[in-house]
1. Quickly run through segment 75-110 and pick out the residues that are under 18 Å from Ser126 (Cβ atoms) and either surrounded by 14 or more Cβ atoms within 10 Å (Cβ to Cβ) or not assigned by TED's automatic domain parsing to the domain that holds Ser137 (or both).
2. Yes or no: segment 117-137 includes at least one residue that is part of a loop (DSSP other than H, G, I, E, B), out of contact with any Gly (no Cβ under 6 Å at 6 or more places or on another chain), loosely packed, with under 12 Cβ neighbours inside 10 Å and in contact (Cβ under 8 Å) with a residue 24 or more places away in the chain.
3. I'm told Tyr56 meets every condition in (1) under 27 Å from Ile149 (Cα atoms); (2) at pLDDT 80 or above except one. Can you identify the failing condition by its number?
Amino acid sequence: MHAECHQRSRLFLQLQNRVGATKENTYRPLMRRLVVILLFLAALLVVGFAFLWRSYDPGDSANSRRFRVGVVVLELSAHKQDVEQFVQSHGRLEGVGPTLRIPPNLAGYLARATVSESGTIVGFDSRNEFVVTLAPSMEGGAVRRTCTITPDVSSAVCSGK
């Protein structure tokens, strides 16, 4: 009787171990799939944040140097027509300086601007961080300009790109 009871308990333990092993074998592939899915989602999240971080360009904020350079270039470019009108009426660039005055834009980023005798417009920003120079030249009766920013912030701002 004792041997029979012992054998039954051993069979019960073996059966219990097999059932547990079967459960474990069934859950293990599901757990692996779940872990793989979670890792994939985490990787997508990291890539998404990296993409958003790269697409945000603090260089285009209203307080950035690049933005301020663009505004100063636009403010100075508004006076290009005055130089062109002088050239049309006089046929030359020399002498445009005394006729053209550019007032400072205290609300904007242009602190002061000067116009040379030959029509070169030089603008200084309000923080004294850069100088924009628009130098005209005559080519076949047309006025062309060379834009220079010192120190160089972005040549794309001058070329309009």
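The values are calculated or read from the model by the stated rules, or taken from the named source; none is laboratory data. Fair warning: this is a prediction, and the values are worked out from it, not measured in the lab. Because the Cβ atoms are built from the backbone with ideal geometry, glycine has one as well, and the counts that use them run over all protein chains shown.
1. Scanning segment 75-110 gives Glu75, Leu76, Ser77, His79, Ile102, Pro104, Asn105, Gly108, Tyr109, Leu110.
2. yes
3. (2)
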